[in-house]
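Below: the structure, in structure tokens.
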Amino acid sequence: MNNDFVNAYLLHLRPYSDSQLMLDMLVEEIGQIRCLVRVKGRFATKNKAQLQPFTQLEIKYKGEHELKFLDSFAPTERPLSLQGKALYCGFYLNELSNRLIPLNEPNEYIYRLYDDHIRRLTSTIDYEPVLRSFEFQLIELLGIGVDFHFDVDGKPLAHDKFYQYQNEIGWSQLDSNRSGLSGKQIEQIANLNFNDKVTRQLAKQLARYLLHPLLGYRELKSRELFS
């Protein structure tokens, strides 16, 4: 298969052989692909220094199987300016995307989700809402259904009641507010409203709980940067 030029971001890069690199790339309207690029020898790429994260690239690749071959690439704009904590957040978005987005399973929305949130990191100093927004929308796009409106008995979540979420079961009402979320806080999370500090912290805990079965026991390396 030979494709036309498409927009893409580099998520992860590693050596494949003495002369080739393996790239995991998020491609517009396609999803995540894995491809090889030659960096040594007669047919080596001349501009490997431009293969950088947080840079929108225009790429052309070929290949019928899971592993593709990168024919050509070029930046479409200057690299996004991420520094300090914003850079750590960018690494987190890259690692989460790389670990969770299936290879060669087309999804026309995930690229736009990533592109929007990686750019938002360049224009804010309040990074937590950006991360939570990305996590919950990515979870939804991956098909992990969380019903933010009804409890396990089919009753609408009430603002003044408290609930606990359990995977594959749903929201169970609690007798007290200890370690639970109020119906109002659940609604705020559903609306990606993380202005309230308590809701923000509870949303972080919920996102980790939802992501854990997908990530397994291998910790995200990017989380270590925040400590």
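The values are calculated or read from the model by the stated rules, or taken from the named source; none is laboratory data. All values reported here derive from a predicted model rather than from experimental measurement. Note: ideal-geometry Cβ built from the backbone for every residue, glycine included; neighbour counts use all protein chains shown. Heads up: the accessible areas ignore ligands, DNA and RNA and are worked out on the full protein's heavy atoms, side chains in. Shrake-Rupley method; radii C 1.70, N 1.55, O 1.52, S 1.80 Å.
Restricting attention to the range 79-103, and to residues there that are part of a loop (DSSP other than H, G, I, E, B) and without any contact (Cβ under 8 Å) to a residue 12 or more places away in the chain, which single residue is least open to solvent (accessible area, probe 1.4 Å)?
Taking the range 79-103 as the starting set, the residues that turn out to be part of a loop (DSSP other than H, G, I, E, B) are 79-84, 101-102.
Keeping just the survivors that are without any contact (Cβ under 8 Å) to a residue 12 or more places away in the chain gives 83-84.
On the way: Gln83: 138, Gly84: 44 Å².
Here the answer is Gly84.
For the range 6-24, name all the residues that are within 14 Å of the chain's Cα centre (by Cα) and more than 12 Å from Tyr114 (Cα to Cα).
Listed by number, the residues that qualify are His12, Asp24.
Only one of Leu141, Leu157 is free of Cβ contacts under 8 Å to residues at least 40 places away in the same chain, within 21 Å of Ile30 (Cβ to Cβ) and not charged (D, E, K, R); which? Break it down into steps so the answer makes sense when it comes.
Working: Leu157 fails: within 21 Å of Ile30 (Cβ to Cβ).
One residue alone meets the criteria, Leu141.
Residue-by-condition table, conditions (1) free of Cβ contacts under 8 Å to residues at least 60 places away in the same chain; (2) over 27 Å from Leu138 (Cα atoms):
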site	(1), (2)
Tyr16	yes, yes
Gln20	yes, yes
Glu29	no, no
Arg34	no, no
Gln52	yes, no
Ile59	yes, no
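Step by step: first the residues of the range 118-155, then only those that are within 30 Å of Gly63 (Cα to Cα) and open to solvent by less than 30 Å² (accessible area, probe 1.4 Å), then the one that is modelled with the lowest pLDDT. Which residue is that?
Ile139
What tally of residues in the range 104-117 results from selecting those that are at pLDDT 95 or above, in contact with a strand residue (DSSP E or B) (Cβ under 7 Å, 6 or more places away or on another chain) and open to solvent by 40 Å² or more (accessible area, probe 1.4 Å)?
Here the count works out to 0.
Which one of the conditions (1) farther than 14 Å from Ala8 by Cα; (2) touching a residue at least 60 places away in the same chain (Cβ under 8 Å) does Pro106 fail to meet, given that it meets all the rest?
Single failed check for Pro106: (1).
For the range 20-63: of the residues being in contact with a helix residue (DSSP H, G or I) (Cβ under 7 Å, 6 or more places away or on another chain) and either hydrophobic (A, V, I, L, M, F, W, C) or open to solvent by 30 Å² or more (accessible area, probe 1.4 Å) (or both), which is modelled with the lowest pLDDT?
Val39
Assess whether Leu211 counts as being touching a residue at least 60 places away in the same chain (Cβ under 8 Å), in a loop (DSSP other than H, G, I, E, B) and not polar (S, T, N, Q). Working first, answer last.
Working: touching a residue at least 60 places away in the same chain (Cβ under 8 Å): yes; in a loop (DSSP other than H, G, I, E, B): no; not polar (S, T, N, Q): yes.
No; evaluated as a whole, the condition is false for this residue.
Those residues that are open to solvent by 90 Å² or more (accessible area, probe 1.4 Å) and over 16 Å from Val130 (Cβ atoms), I need them from the range 190-207; list them, please.
Passing the criteria: only Gln205.
Considering the range 173-185 alone, what residues qualify as being under 14 Å from Leu206 (Cβ atoms) and assigned to a strand (DSSP E or B)?
Within the range 173-185, Leu181, Ser182 qualify.
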